[in-house]
Amino acid sequence: MTLVRDIMSTELVVVSPQLSLRDLVELLADEHLGGAPVVTEGKVVGVITLDDILTFQASLPPVPVEAAEEPAPEPDGGEAATDGDEAVGAYYVDLWPDAEAELPERAASLHGPEWDVLSEHTVEEAMSRRLWTVGPDEPIDAAARRMQEADLHRLLVVAEGRLSGIVTTADVTRAVAEGLA
């Protein structure tokens, strides 16, 4: 019988609750991970996943934008007359404040604080505080069942009250493919 200890990952990437969500996203992308345990003073206090980040960002108000002034209506109540040479979308150029700017200038403006919401928030604000754990001596089918029932992709492996690894759906799938389960 294959146990969790036989398939779990022991080289863990853990993060601090004070880490910015921007830094977390970069770390997860660099490491090709979908989540990480959140640890403070050697104790696991939560888990943060890409889904947690998306859910958190979706709960935030949208990026503020200046409302463009509406063109004054024509005195006769009709639409403004257009010059025959004017492009169909020319009307929108007046509503787009940086329409005349070069592309690099426009792209640089997307890095302002109002666009980088993730830098303004921390892991602690988005993490899940519920810890789903499994022991290293449990059979992998029990871990797989727990992940399926709770709709999870990872379980923290805890031995004697300390984090000793993580087992993921990828670990279970690999074990099945290799005939270990």
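The values are calculated or read from the model by the stated rules, or taken from the named source; none is laboratory data. What you see is a predicted model, and the numbers here were worked out from it, not measured in a lab. Virtual Cβ from ideal backbone geometry, glycine too; neighbours counted across all protein chains shown.
Overview of values
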read-out	value
Members of the stretch 136-156 that are of a type in the set (A, V, I, L, M, F, W, C) and in a loop (DSSP other than H, G, I, E, B)	Leu152
The stretch 4-24, residues that are surrounded by 14 or more Cβ atoms within 10 Å (Cβ to Cβ) and more than 14 Å from Ser164 (Cα to Cα)	Val15, Ser16, Pro17, Leu19, Ser20, Leu21, Arg22, Asp23, Leu24
Counted residues, the stretch 7-25 - those being in contact with a helix residue (DSSP H, G or I) (Cβ under 9 Å, 6 or more places away or on another chain) and not in a helix (DSSP H, G or I)	9
Residue in the stretch 157-176 that is modelled with pLDDT under 95, in a loop (DSSP other than H, G, I, E, B), of a type outside the set (Phe, Trp, Tyr) and under 30 Å from Leu3 (Cβ atoms) present	yes
